[in-house]
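In what follows, a structure is listed as structure tokens, so that the remarks can point back to it.
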Amino acid sequence: MTITPIFDPQLMGRVMRIAAFMSGSGTNVIRLLEREKELEQKPGGTPFKIIFIFSDRSDGSSAGEKIALDKGIPYFSYDIRKFYSLKGLKRTALTQATLSARREFDSVASRLIKAFDIDIIALAGYMSYLTLHRCVNVHPADLSILTSDGKRKYVGDYAVGDAIANGETSLRSSTIWIDAGVDTGPILMVSNALKVKLPFSLPDLLKDREAFEKVVDEHQKRLKELGDWRIFPQTVEMIARGRFSIDEDNNVYVDGQPVPKGYRLEE
């Protein structure tokens, strides 16, 4: 069995070069940039550097341009909604035509990746399906929880709501090395638990849609702070230091040791 580092700093002889992809507020990008700056002040410096920011929104709803301007790094945007509209396609439909269009859309970012000699893509709140490779993503659920038929239980955009509705008593975030599926890639790291707190019983809460959505929104925000913002920068740093490896069967290792359910911090 061959175990290969996601990034090998000794082999490359330089820091890991990152492209940060985002769609909205960019809070995960900000946390990555803050961690990069913190590490620059420590002995040995930072093992990674964000080279540019890319957004799939050009309608003013993405904060990417402001973040890039504040940090003095390049910024690129290519509006995916306009792209699909001009082609007369629905972005959310999974058809051969839309997948072909997605590859065409991604070819723009692909050329940037090659031009800037990027090692990995950090998906920091990037809301579009991606056909590019070598990407790390963060998801608001413990992806090691499976259904009875062995599939990941809490995937997709509504993972927090699904977990609460299913009676989970705690929530976690996961980082993954993405593959061709949706939230199906190898699990890298899982955050500490956030306890679920309900204002009244779950059956009654599920009867009140407005109250339920308020609870979901509150937990999503708290999980982002306690989960995403902690494990996403740490995962990227560990990749940059050569600590994460993957074998031919997509099993994940940290410092050469298998972590079948993701690397977890001691609680």
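Where a number appears in this text, it was derived from the coordinates with a stated rule and is not lab data. None of these values were measured; they are calculated from a predicted model. Don't worry about glycine lacking a Cβ; one is built from the backbone with ideal geometry, like all the others, and counts go over all protein chains shown.
Quick check: the distance between the Cα centres of region 98-174 and region 193-267, to the nearest angstrom? Computed from Cα coordinates, the inter-centre distance equals 13 Å. Proximity of backbone amide H atoms, modeled 1.01 Å from N, is registered between Ser77 and Ser55 at under 5 Å, excluding neighbours fewer than 5 places apart on the same chain.
Among His133, His139, His219, the ranking by other beta carbons within 10 Å of each residue's beta carbon, starting with the fewest, stands as His133, His219, His139.
For the residues Val236, Val182, Val15, what sequence is obtained by ranking on other C-beta atoms within 10 Å, fewest first?
Numbers: Val236 30, Val182 14, Val15 17.
Arranged by neighbour count, lowest to highest, Val236, Val182, Val15 become Val182, Val15, Val236.
Taken over the chain, the alpha-carbon convex hull comes to 160 cubic angstrom per residue.
Can you tally the net charge around Arg91? Count Lys and Arg as +1, Asp and Glu as -1, for every other residue whose Cβ sits under 15 Å from the Cβ of Arg91. Charge balance in the 15 Å sphere: +1.
Within the listed set Pro47, Pro203, Pro186, the Gaussian network model of the chain (springs between alpha-carbon atoms below 10 Å) gives the highest mean-square fluctuation for Pro203.
If you run the Gaussian network model on the chain, springs between alpha carbon atoms under 10 Å, then out of Leu11, Leu198, Leu188 the most flexible one is Leu11. Within region 99-253, what percent of beta bridges assigned by DSSP are antiparallel, to the nearest 5? Close to 80 percent. Structural descriptor for region 1-81: relative contact order 31 percent, calculated from alpha carbon pairs under 8 angstrom and at least 6 residues apart. Of the residues Thr169, Thr147, Thr46, the one that moves most in a GNM of the chain with alpha-carbon contacts below 10 Å is Thr147.
Distant-in-sequence amide contacts of Leu188, defined by a placed amide H-H separation under 5 Å and a gap of 5 or more residues or a different chain, comprise Thr175, Ile176, Trp177.
Spin-label model, Lys197 to Ser85: label points 7 Å out along the Cα-to-beta-carbon direction sit 4.2 nm apart. Counting Lys and Arg as +1 and Asp and Glu as -1 over every other residue whose Cβ lies under 14 Å from the Cβ of Ile246, the net charge comes to -4. For Ala115 and Asp208, the FRET efficiency from 1/(1 + (r/R0)^6), where r spans their Cβ atoms and R0 equals 51 Å, is about 0.50. Annotation for Lys66 and Ser144: the two label points, set 7 Å from Cα along the Cα-Cβ direction, are 3.8 nm apart. Dipole magnitude for region 77-214: about 360 debye, using +1 per Lys or Arg Cβ and -1 per Asp or Glu Cβ, origin at the Cα centre.
Across region 14-133, how many lysine pairs separated by 8 or more positions, or lying on different chains, have Cα atoms within less than 13 Å?
Working: Lys37/Lys49; Lys37/Lys71; Lys49/Lys71; Lys82/Lys90.
Final tally of qualifying lysine pairs is 4.
Taking +1 at the Cβ of each Lys and Arg and -1 at the Cβ of each Asp and Glu, which of Tyr129, Leu188, Ala141 sits farthest along the dipole of region 104-213 towards its positive end, judged by Cα position relative to the Cα centre? Positive-end residue among those listed: Leu188. The string of couplings for region 12-27 from the Karplus curve (6.51, -1.76, 1.60, θ = phi - 60°) is 6, x, 7, 6, 6, 9, 10, 10, 9, 9, 8, 10, x, 6, x, 5 Hz, one whole number per residue in order, with x for Gly and Pro. Bridges between two residues of the chain, per DSSP, are antiparallel at a rate of about 45%. If I model a spin label at Glu104 and Asp247 as a point 7 Å from the Cα along the Cα→Cβ vector, what separation in nanometres do I get? My value for the distance between the label points is 4.2 nm.
About the centre of its Cα atoms, region 14-133 shows a dipole size close to 260 debye [charges on the beta carbon of Lys, Arg (+1) and Asp, Glu (-1) only; nearest 20 debye]. In a simple Cβ point-charge model (Lys, Arg +1; Asp, Glu -1; nothing else charged), the chain has a dipole of about 480 debye relative to its Cα centre.
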